[in-house]
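Worksheet: the structure to be examined is printed underneath.
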Amino acid sequence: MDTTGPNRLLHLLEADYRSEGFQIGWAEPTPEDPFRSLIVLFDDIGDEAREIQLELCFLPNMEDAEAAGICILQAFVTIAEGVSSDYYEQLLLLAAKLNTVLPLGAFGLFADTGVVYFKHNSLLLLGNEDVSNVKAIDTQNGLILHLHQLYMEALLRVSAGDETAEQALENLLL
C-alpha cells in the first residue's frame, strides 16, 4: 500500500473518516480502471435517503507534476448505471442545465455504459501542510455531498424515464 507522495493524503483522510464512523474501502487499480481509490460511503443523501460512494483518487502518470509539487485529486460518484439510451437526451439536457450553476464539478453520462456520474478534479499543492490539504479535501467533499442532496433525485428520475429534464428542473424550483 503506497503511503508516499499524494497518496499519504488519502491515508490521512481515511483515518479521519474512519474515526468519524464512516465506512471506508479501497479499490485497487486494474487495466480498465488505473486508479487506486479511497471509497467513502455516505448515507442519508437526497429525499430517498440513499447511499453514495465517493471515490477519491490521484490521477496516475503525473510524475512530472508531482515533481513540481502539484497533484490532481479526482472525486467521482456513480449515480446510476445501465440507463437506457432512450433517456440520454433528457439526461444530457438536465446535466447541462445543472452544470451551469454548480460551484464545482459536473454531472455527466458515459453513453457507452449508461452510467450517470458526478466528477470533480482539484489541484493540490504538495508543499502545503498535509493537514491543510486534508481539510480542503474534506470541505470539498462536503460540498459534493450537498450537490447530491440537491440534485441526485432529479437525475435519478430522469434516468428512469419518470420525468423529462424540464419537469425535473421545474420540480427543483418548487
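The values are calculated or read from the model by the stated rules, or taken from the named source; none is laboratory data. Note that this is a predicted model, so its numbers are computed, not measured. Here the Cβ is made from the backbone with ideal geometry for all residues, glycine too, and neighbour counts use every protein chain on show. Keep in mind that these areas ignore ligands, DNA and RNA; they rest on the heavy atoms of the full protein, side chains included. Shrake-Rupley method; radii C 1.70, N 1.55, O 1.52, S 1.80 Å.
Residues in the range 67-103 that are under 21 Å from PHE35 (Cα atoms), of a type in the set (A, V, I, L, M) and touching a helix residue (DSSP H, G or I) at 6+ places or on another chain (Cβ under 8 Å): how many?
6
Quick check on my filter: what residues within the range 25-40 are of a type in the set (D, E, K, R) and surrounded by 16 or more Cβ atoms within 10 Å (Cβ to Cβ)?
So the first thing to find is which residues in the range 25-40 are of a type in the set (D, E, K, R), and the list is 28, 32-33, 36.
The answer is ARG36, and nothing else.
So which residues in the range 94-126 are touching a Pro at 6+ places or on another chain (Cβ under 9 Å) and either assigned to a strand (DSSP E or B) or charged (D, E, K, R) (or both)? Can you show your working first?
To start, the set of residues in the range 94-126 that are touching a Pro at 6+ places or on another chain (Cβ under 9 Å) comprises 124, 126.
Selection gives LEU124 alone.
Do you know which residues across the range 97-135 are open to solvent by 50 Å² or more (accessible area, probe 1.4 Å), more than 11 Å from the chain's Cα centre (by Cα) and farther than 18 Å from ALA80 by Cα?
LYS97, THR100, VAL101, PRO103, LEU123, LEU125, GLY127, ASN128, GLU129, VAL131, SER132, LYS135
If you check GLU170, GLU163, which single one turns out to be in a loop (DSSP other than H, G, I, E, B) and either at pLDDT 95 or above or under 17 Å from the mean Cα position of the chain (by Cα) (or both)? Spell out how you get there, then give the answer.
On the way: GLU170 fails: in a loop (DSSP other than H, G, I, E, B).
Only one candidate passes the filter, namely GLU163.
For the structure I just gave you, tell me whether VAL115 is over 20 Å from SER37 (Cβ atoms) and not aromatic (Phe, Trp, Tyr). Before the answer, list the steps.
Values: over 20 Å from SER37 (Cβ atoms): no; not aromatic (Phe, Trp, Tyr): yes.
No: the conditions fail for VAL115.
What's the number of the only condition in (1) at pLDDT 95 or above; (2) within 15 Å of PRO6 (Cβ to Cβ); (3) of a type outside the set (Ser, Thr, Tyr) that LEU125 fails to meet?
(1)
When you check GLN140 against the structure, is it touching a Cys at 6+ places or on another chain (Cβ under 8 Å), surrounded by 12 or more Cβ atoms within 10 Å (Cβ to Cβ) and of a type outside the set (Lys, Arg), yes or no? Walk me through it before giving the result.
Details: touching a Cys at 6+ places or on another chain (Cβ under 8 Å): no; surrounded by 12 or more Cβ atoms within 10 Å (Cβ to Cβ): yes; of a type outside the set (Lys, Arg): yes.
Taking the combined requirement at face value, the residue does not satisfy it.
Cβ contacts < 9 Å: first residue over 15 Å from ASP16 (Cβ atoms) and assigned to a helix (DSSP H, G or I), restricted to the range 127-154; second residue of a type in the set (Gly, Ala, Ser) and at pLDDT below 95, any location; separation 6+ or different chain. Result?
HIS148/GLY46; GLN149/GLY46; LEU150/GLY46; TYR151/GLY46; MET152/GLY46; GLU153/GLY46
Name the residue, out of GLN149, GLN167, that is open to solvent by 70 Å² or more (accessible area, probe 1.4 Å) and either farther than 18 Å from ASN99 by Cβ or charged (D, E, K, R) (or both).
Working: GLN149 fails: either farther than 18 Å from ASN99 by Cβ or charged (D, E, K, R) (or both).
Just a single option satisfies the conditions, and that option is GLN167.
Going through GLU51, GLU55, GLU66, GLU89 one at a time, which residue ends up being in contact with a strand residue (DSSP E or B) (Cβ under 6 Å, 6 or more places away or on another chain) and open to solvent by 50 Å² or more (accessible area, probe 1.4 Å)?
Working: GLU55 fails: open to solvent by 50 Å² or more (accessible area, probe 1.4 Å); GLU66 fails: in contact with a strand residue (DSSP E or B) (Cβ under 6 Å, 6 or more places away or on another chain); GLU89 fails: in contact with a strand residue (DSSP E or B) (Cβ under 6 Å, 6 or more places away or on another chain).
Among GLU51, GLU55, GLU66, GLU89, only GLU51 is in contact with a strand residue (DSSP E or B) (Cβ under 6 Å, 6 or more places away or on another chain) and open to solvent by 50 Å² or more (accessible area, probe 1.4 Å).
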